[in-house]
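Everything below concerns the one structure shown next.
Just so it is clear, none of the values below were taken in a lab; they were calculated from the coordinates. Computed from a prediction, not measured in an experiment: that's the story for all the values here. Using ideal geometry, Cβ is built from the backbone for each residue, glycine included, and neighbour counts are taken over all protein chains shown.
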């Protein structure tokens, strides 16, 4: 409970109470608080600057000419703005093609994640079965296993199925539930009052109807969070495309960027233009939907308490 | 009573029906492959040949493989560095934000933003930022008269460079810490103040114990994540210079997809998994000394 939410009269006196020996006078305490606050601002401004500068650097570098990119010492703001770096970089590679590939893979993956995580999450949250505890523990345990362990068997599986150099290995696993997102949705489902579900049951609603009519509408914020997190993850995924995609035509944006870097070694201006074009949509999505990201973090991250 | 058990049985049937997608995924893409990987780690399997059982030979080879031990060292260096710095940094920032400063939301957004910018485009940005001559960091250091190091091209500075990038992209923990700090009951601070505790005493005896489960949780998650991180390393340095950034995850990738020795690759993967388990277990053991739980 924050002090300033109390009505005026009931607020405890911050001043030294007479019955307890105090080491500080109220004046000294206020001065310490002022110094602390000043120190906090100083650190916060410094850190925020450190966090935002790389992004500004990316922007200004993307506008530099080829000569000023390799200038020493470098300059933060170029004397000339080369806006044509953007179209130049974009057309230096079939980036439009890579973009469409990325959109296809990401859209299918996000769809698969949402569709396949809701039912298990509901089951883990609300349906009782003897094996539930064991299965839930097994699911949480898989989150601790590093991806490297499953790398080789998954590759063998997909090569046996003849799916190498196709999008199947990137998309298909998403249609069979992800432990993290099932856990996240389950956490949210458990916060929905039991009475709502029970009264629907009394009215004769089946589980699917309860899910569709009560749980899903009430959980839209959590579902949006899952969609966003899954979008960010699949949009940036580099390893799986690297392992499975062979034909350049099928490359997604991250692979295209790697290819681009190999062929334009010193052209940091063009590289930063590419980074800008790939990251700006994500920055925009983040700024528009920040609260959903925060919910995702607090739902999965606060579990320690 | 029969009605109840009937309903119970129907509910259990629903449960199994609803969890089927995950069960299939578990068998095909997580649980199954985990078991398969363990089996493969006892075989000698070159991609195009057929596997044959070699018992513990891969594990013996691993024990005498100097590159493996180098990778363990690099993994622990990078993993511990980014997890500890990440947690400490985020915790301090959350403490500052919790002082009810003006513009809290703006600071929070700025610190949080980089953590959603994962992937290759960001790695590309950091290749530029860490460039010894044309990069942002050495430019800023130069402004205050410091000659910056060779970051990703110098053996001694490559991992510190990667740790800086990793801390930059881990600002999301600030949200968790801030939520935790706001959940510490104000009455505890008031009680401490009445007992004559100064700001340091309140921090030491109220904030730290109350926050310890959250710090602990973030340490666990941080270590698990950073010990296995390698895709950005693969892209940025490919283990170089001179294997200074060869981490275990990357070593697995090399054996699996460059040397095509699936058996040995799986052995390294299990060594990595064991390392993660060891670090997690050690932290749980240490937690008994410092983590405070409200309800035992």
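A few comments on the model shown:
- Shape category assigned to the range A:164-305 from the gyration tensor of Cα positions, a/c cut at 1.5: prolate
- By other beta-carbon atoms within 10 Å, ranking A:220, A:229 with the fewest at the front produces A:220, A:229.
- Look at the stretch B:128-140: the mean tally of other chain Cβ atoms within 10 Å of its residues' Cβ atoms is 5.
- Anisotropy class of the range B:178-296 from Cα gyration tensor, a/c 1.5 cut: prolate
- The alpha-carbon atoms of the range B:66-290, seen along their principal axes, cover 66, 45, 27 angstrom, with the largest extent given first.
- Measuring nothing but how far apart in sequence close Cα pairs (under 8 Å, 6+ apart) lie, relative to its length, the range A:92-263 scores a relative contact order of 44 percent.
- Mean residue ellipticity, 222 nm, helices only, chain A: the sum of -39500 (n - 2.57) across DSSP H runs of n ≥ 4, divided by residue count and rounded to 500, is -21000 deg cm²/dmol.
- Sequence-distant contacts, meaning Cα pairs under 8 Å at least 6 residues apart, place the relative contact order of chain B at 27 percent.
- Against the compact-protein benchmark of 2.2 N^0.38 Å, the Cα-based radius of gyration of the range B:89-132 scales to 1.49.
- Chain A: most fluctuating residue of A:201, A:33, A:128 per GNM, C-alpha cutoff 10 Å: A:33
- Its DSSP H runs of at least 4 residues, each contributing -39,500 (n - 2.57), put the calculated 222 nm mean residue ellipticity of chain B at -21000 deg cm²/dmol, to the nearest 500.
- Among B:195, B:133, B:238, residue whose mean-square fluctuation peaks in a GNM of chain B (springs only between Cα atoms under 10 Å): B:195
- Fewest-first ranking of A:64, A:160, using other Cβ atoms within 10 Å as the exposure measure: A:160, A:64
- Highest-MSF residue in chain A out of A:175, A:38, A:183 [GNM, Cα springs under 10 Å]: A:38
- For the range A:189-234 versus the range B:54-68, the gap between their alpha-carbon centres in whole angstrom: 50 Å
- Diffusion coefficient of the range A:25-86 by Stokes-Einstein, Kirkwood radius over Cα pairs, 4 °C, 1.567 mPa s: 89 µm²/s.
- Placing dummy labels 7 Å off each Cα toward the beta-carbon, the span from residue A:42 to residue B:104 is 2.3 nm.
- Only Cα pairs under 8 Å and 6+ residues apart enter the sum, and on that basis the relative contact order of chain A stands at 28 percent.
- Rounded if a/c under 1.5, otherwise prolate or oblate - chain A, Cα gyration tensor axes: oblate
- Cβ-Cβ distance of residue A:25 and residue A:259, R₀ of 60 Å, FRET efficiency by 1/(1 + (r/R0)^6): the value works out to about 0.35.
- Its Cα gyration tensor gives the protein assembly as shown an equivalent ellipsoid, and the semi-axes of that ellipsoid, as √(5λ) in whole Å with the largest first, are 39, 36, 25.
- C-alpha center-to-center spacing [the range B:12-52, the range B:102-156] in angstrom: 40 Å
- Counted over the range A:247-288 with a bin width of 5 Å, the fraction of Cα pairs per bin, in whole percents, is 5, 21, 26, 19, 16, 9, 3, 0.
- Computed from the alpha carbon positions, the gyration tensor of the range A:92-263 leads to an equivalent ellipsoid with semi-axes of 37, 18, 13 Å, biggest first.
- The range B:2-57 pair-distance distribution - Cα-Cα, 10 Å bins, rounded %: 21, 26, 21, 15, 12, 6
- Largest-first ellipsoid semi-axes for the range B:1-145, taking √(5λ) over the Cα gyration tensor eigenvalues, angstrom: 44, 35, 15
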